[in-house]
Amino acid sequence: MSTALETVQQIYAAFARGDIPAIVELLDDDVQWETWEANAAQAADVPWLRAGTGKAAAWRFFEEIARFRFDDFRVLGLMASDTQVAAEAVVDAVVPGGKRLRDEELHLWNVNAAGKVVRFRHYADTAKHIAAAR
């Protein structure tokens, strides 16, 4: 069993290696992926910010961003409690269609006692994401 911080550190290390199966293995079967009561990017149907439940929803996210050309992705810092980890990140990528997306984001991870992610959300500039997706 890992702490929440260790789980999220493993996720970002796997992302850096391109090892998406290792990331999905750290998710709970019923993970809530980008679930929001109201989200402008979801209302605008930004493909990489769609909500879903379960590992299949996470797979869809990673399939979408696999189509990005990342010029920069850095985790600037992590803040953790027993069950949550917030990651400050910089993203600079060209998305499908050729538009650039540069954003400073906060990723919020909720982790259960078994060390599995039960919820993930991007806190981002939704206007930038909507413009890049159009």
**Message:** Out of the residues in the stretch 1-14 meeting the condition of being among the small types (Gly, Ala, Ser) and part of a helix (DSSP H, G or I), tell me which one is farthest from Phe73 (Cα to Cα).
**Reply:** Ala4
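Yes/no per residue for (1) in a strand (DSSP E or B); (2) of a type outside the set (A, V, I, L, M, F, W, C); (3) out of contact with any helix residue (DSSP H, G or I) (no Cβ under 8 Å at 6 or more places or on another chain):
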position: Ala16; (1), (2), (3): no, no, yes
position: Asp29; (1), (2), (3): yes, yes, no
position: Thr35; (1), (2), (3): no, yes, yes
position: Trp48; (1), (2), (3): no, no, no
position: Phe61; (1), (2), (3): no, no, no
position: Arg67; (1), (2), (3): no, yes, yes
position: Arg74; (1), (2), (3): yes, yes, yes
**Request:** Report the residue count in the stretch 18-27 for those that are more than 22 Å from His129 (Cβ to Cβ), assigned to a helix (DSSP H, G or I) and of a type in the set (A, V, I, L, M, F, W, C).
**Result:** 2
**Message:** With the structure loaded, tell me whether Arg60 is open to solvent by 60 Å² or more (accessible area, probe 1.4 Å), closer than 15 Å to Ala133 by Cβ and free of Cβ contacts under 8 Å to residues at least 60 places away in the same chain or whether it fails that test.
**Reply:** yes
**Message:** If a residue must be assigned to a strand (DSSP E or B), open to solvent by less than 20 Å² (accessible area, probe 1.4 Å) and not aliphatic (A, V, I, L, M), how many such residues does the stretch 76-121 contain?
**Reply:** 5
**Enumeration of residues in the stretch 75-129 that are among the hydrophobic types (A, V, I, L, M, F, W, C), over 26 Å from Thr7 (Cβ atoms) and over 16 Å from the mean Cα position of the chain (by Cα)** = Val94, Ala127
**Request:** Kindly check whether there is at least one residue in the stretch 31-48 that is within 19 Å of Gln10 (Cα to Cα) and surrounded by fewer than 18 Cβ atoms within 10 Å (Cβ to Cβ).
**Result:** no
**Request:** Could you list all residues from the stretch 68-91 that are within 18 Å of Arg17 (Cα to Cα) and of a type outside the set (Gly, Ala, Ser)?
**Result:** Phe68, Arg69, Phe70, Asp71, Asp72, Phe73, Arg74, Val75, Leu76, Val90, Val91
**Asked** Just to be sure, is Asp125 touching an Asp or Glu at 6+ places or on another chain (Cβ under 8 Å), free of Cβ contacts under 8 Å to residues at least 24 places away in the same chain and not aromatic (Phe, Trp, Tyr)?
**Response** yes
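The values are calculated or read from the model by the stated rules, or taken from the named source; none is laboratory data. On a predicted model such as this, the values are computed, not experimentally measured, just so you know. Quick reminder, even Gly has a Cβ in these numbers, built from the backbone with ideal geometry, and neighbours come from all protein chains shown. To get the accessible areas, we keep the full protein, side chains included, count just its heavy atoms, and leave off ligands, DNA and RNA. Shrake-Rupley method; radii C 1.70, N 1.55, O 1.52, S 1.80 Å.
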